[in-house]
Structures are given as C-alpha cells and as structure tokens.
1. Using beta carbons and a limit of 6 Å, which pairs, at least six apart or on different chains, have the first residue in the stretch 52-75 and within 15 Å of Asn112 (Cβ to Cβ) and the second one of a type in the set (Gly, Ala, Ser)?
2. Does Asp31 count as over 27 Å from the mean Cα position of the chain (by Cα) and farther than 30 Å from Val250 by Cα?
3. Being open to solvent by less than 20 Å² (accessible area, probe 1.4 Å), more than 14 Å from Leu404 (Cβ to Cβ) and out of contact with any Lys or Arg (no Cβ under 6 Å at 6 or more places or on another chain) is the filter here, so list the residues in the stretch 311-339 that pass it.
4. Report, by residue number, each residue of the stretch 72-100 that is under 30 Å from Asp248 (Cβ atoms) and either touching a Pro at 6+ places or on another chain (Cβ under 6 Å) or exposed (fewer than 14 other Cβ atoms within 10 Å of the Cβ) (or both).
5. Tell me which of these Leu406 doesn't satisfy, since it passes every other one: (1) within 26 Å of Gly216 (Cα to Cα); (2) in a strand (DSSP E or B).
6. I'd like to verify a number: residues in the stretch 393-402 that are assigned to a strand (DSSP E or B) and open to solvent by 50 Å² or more (accessible area, probe 1.4 Å), how many?
7. Collect the residues in the stretch 377-405 that are of a type in the set (A, V, I, L, M, F, W, C) and at pLDDT 95 or above, keeping them in residue-number order.
8. Hey, can you tell me all the residues within the stretch 351-383 that are open to solvent by less than 20 Å² (accessible area, probe 1.4 Å) and within 17 Å of Leu393 (Cα to Cα)?
Amino acid sequence: MSRPLPDTLAVPELDLLAPMLNQEGDLWTADFRGLTLRTALQPIYSISHKRVVGYEALIRAFDPDNAPVLPLHLFQLPASEGENLLLDRLCRFLHIRNYSRLSDQLNWLFLNVSPRVATGSAHTDSFFGHLLARTGLPPHRIVVEIVEQPTDDAERLRETVADYKELGCLTAIDDFGAGHSNFERIWNLSPDIVKLDRTLLTRATEDHKARQILNGIVSLLHQSACLVLLEGVESRSQALIAIDAGVDFVQGFYFCRPSTELKSLAQEQAPADFDQLLDEYKQSRQVTQDPTRQLVNFFEGYFRNAIERLGSGASMHQACLELLNHPAVSRCYLVNAQGIQIDETLISNTGIRHQDPRFRPLESTSSADWYRQQYLRRALAQPEKLQATAPYLCVTGAYMCVTLSLGFYLNGELRVLCCDILSNTVHRAQAG
C-alpha cells in the first residue's frame, strides 16, 4: 500500500522513512508511489584475492501485479527536489537495512549517490550517519559511489565527499570513462575506488589500441592512489582483458548477475574459476613475452659483433652494417653515459621506407637526450646485458617499435648501442 508523500521535503529523516519500509520474512521492502522496492545485490570480486570483496546494491521496483519496473522509470517519478532526495535516502535505508541482516561481516556495500542529490542540499548528510548508527553497519564497510556526470556545484560535491570520508566511509567515482569523465574530478575528489564504465571494456574488446588505452588509464589511476574496478564484464575474453589491464576488482554478468535472493547470494562461492582464468592469462602472457626474449637471443650476436668492430676502430656505420641490413631493423644509434646521443641516427632501408613525411621534424636526433627512456637506464645499470622493450610509440617517427639496447665500455667510457625494430616485423625478425 502506498503512503502519501509530503509536498516539500528538505531533509527527510529516519522517522519519516521508517514507515515506508515493510518486513517480508528476513528481508525488507519499501513503498514508493504505489511501487514495491526491493534490494538486489551484485558481487564484486578481487582478481588477486580470487573471491568476493563487496556487493553493489541496486534497486528493483515492482508494480502492484509484481511486474518489474525499469529503474529509469522509477527515478523519473519524483515530482520535486525534496521527493528526489527522499527516494535516494529511502533506497539507501532499504539497502543498508537488508545488508546489515546478512551473515557477511567483512565485505563492502557499494551504494549509489547521484551528484544531484549530493549537492542538492546545504545540509550535511547527517541522515546517513544516523542510519548507520541505527543499523549497526560500520561506516568502513560502506563505499559511497558518486555517479560520473556534470554537477552545478563542484565545490559542494567535494565537501560532500569529504563528509563521507570523515564519517569513515570509502568513496568511489562511478561510470568513469563515459560521457563527462575527466581526471580533474579524480584529483578534486580523491576517491578510494574508481569504477570504469563498461564502454571502455567494450571498445577494448573490439580494438587493440583501445585496450592499450584502457591499460594506460588503469596505470594512471593507480598512480593517483585509486583502486580500480571494471564493471560490465560479460564474457571470458573480457575477463581476461580486465586481468591484463591490471584492474583490482571486476563486476559483471560473467561472474554473477544481480539478485534479490540476498541470503543465498551471500552464501554462494564465486561461480567463475579465477584459478583457471589466471592460469590462462599467465600462459597468454608467456606467449606474448616470448617474442621479446627471442629477439634478445636472435640479435645478441649482431650486437656483440658491432661492439667488437667499434672497439677495433670501425665507424658506427661500418660496425652496424650487419644490423642495418636486417629487414626488421629500422635504425641504430649510440648514446653516452649521460643519455646524450652521439652523432646522427643510422637509418636502414627498412626505416627509410617507413618514414612518414608528416613527422619529419622528429627525424634528426643528434645530441638528443634519451636518459628518460627506461631501456637506456637499464642498459646503463647493467652493462653487457642486452635489454629489450615491449612495443611502444617511438617519438622519432610516431611508429610502434621494440628497442634493443646494450651497455658496453669503449676506450674506458660507458656507451649504449641502441637498435629499433619495427614492431610489425618482430615475427619476421625471429625467422631471420
């Protein structure tokens, strides 16, 4: 039975919301505008721990005939800001009351709060603290999710997020990577967790470049001191992409669908076999890394011969002629112990064919400083050991390459011989 709602509502409190909840056995439901609201939970898994570490609470609405109502239609029902605030808090009240009755005393509960609600009141959300106190659910088990969308009051949103943190809750940015996402919100709000929107995963599934971008975003978020959750994982291949991207947590239909059967859901073990997934990932990475190791083995002799010729007084071109004649090699260059390139780069016929006139300003590299490059620092730190990079974008021509580098001593001074191989010729290089 639906109860009448007030025309205006500034700060709905527990005493107003409590009569809107009904107990059905071990669970609670809520009334809102003739609809029955129920809590659904979807597990969130840690890849490294290989188990559930939390649940996202989702609202499910049903009409008087028990037919489901789309969440979109539910959240279009409020006719005022006060009623919108009431619905938001009613959902949170319902979720927390249900979750606090589960036997799980460890894992997180993820709760959605829209920026519109979070910034719509000048009052601190004292309601939430009172709610946690009444239900006995510790604040540190709550992750407050702020949906990624524009807000008219960014400063107020920042203050609200700070209030949740002061209360003891974790905070998360939801749907990052969709629509209005940007890192400025990450810097301003300093969330504990960032949930990546499933569109990033969809693109990564279809496009290898998008997969590299996804990996880069995860790396940047980790450097910003954020844990990363990838939602919308719907297949085994997407689960492997998530593992490869380095995300901390995963969520999606492939692992488990949301369910209103809360007790049975909390008692279930992870349906996905993480051991098998991780073994498959390790095997695929082994295959991926093999070409690099094979390159080192294949070109080791070329480098030793070139260094021996340099030591005998040969010119750089004479010393590297064998390398330059290999069809996979793009260029060779020599660098000193400070990372400064000595003389111009030697370009092979392969490199000349792949030169793009649009990037001609980048071609001349005499006296360039390569010290920032990891392959150079590794070669300087470990002389006589041939180093190899993963494929990366070369700044001298904006093409993908693998760089081999070897530190050695020439007339008592440390030098590094470097050689770029076009990444699309790696397999041909191994074949000789």
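The values are calculated or read from the model by the stated rules, or taken from the named source; none is laboratory data. All values derive from a computational prediction rather than experimental measurement. Every residue, glycine as well, gets a Cβ built from its backbone with ideal geometry; the counts of neighbours run over all protein chains shown. Note: accessible area is taken over every heavy atom of the protein model, side chains too, but ligands, DNA and RNA are not part of it. Shrake-Rupley method; radii C 1.70, N 1.55, O 1.52, S 1.80 Å.
1. Here the result reads Leu58/Ala40; Arg60/Ala40; Leu74/Ala61, each pair linking the stretch 52-75 to a residue that is of a type in the set (Gly, Ala, Ser).
2. Values: over 27 Å from the mean Cα position of the chain (by Cα): yes; farther than 30 Å from Val250 by Cα: yes.
For Asp31, the condition - over 27 Å from the mean Cα position of the chain (by Cα) and farther than 30 Å from Val250 by Cα - is met.
3. Answer for the stretch 311-339, where residues must be open to solvent by less than 20 Å² (accessible area, probe 1.4 Å), more than 14 Å from Leu404 (Cβ to Cβ) and out of contact with any Lys or Arg (no Cβ under 6 Å at 6 or more places or on another chain): just Gly339.
4. Leu72, Arg89
5. Of (1) within 26 Å of Gly216 (Cα to Cα); (2) in a strand (DSSP E or B), only one is false for Leu406: (1).
6. Let us first name the residues in the stretch 393-402 that are assigned to a strand (DSSP E or B), namely 393-394, 399-402.
Applying the additional criterion that residues be open to solvent by 50 Å² or more (accessible area, probe 1.4 Å) yields 393, 400.
Qualifying residue count, the stretch 393-402: 2.
7. Initially, the stretch 377-405 is screened for residues of a type in the set (A, V, I, L, M, F, W, C), giving 379-381, 386, 388, 390, 393-395, 398, 400-402, 404.
Scanning the stretch 377-405 gives Ala379, Leu380, Ala381, Leu386, Leu404.
8. The answer is Gly351, Thr365, Tyr375, Leu376.
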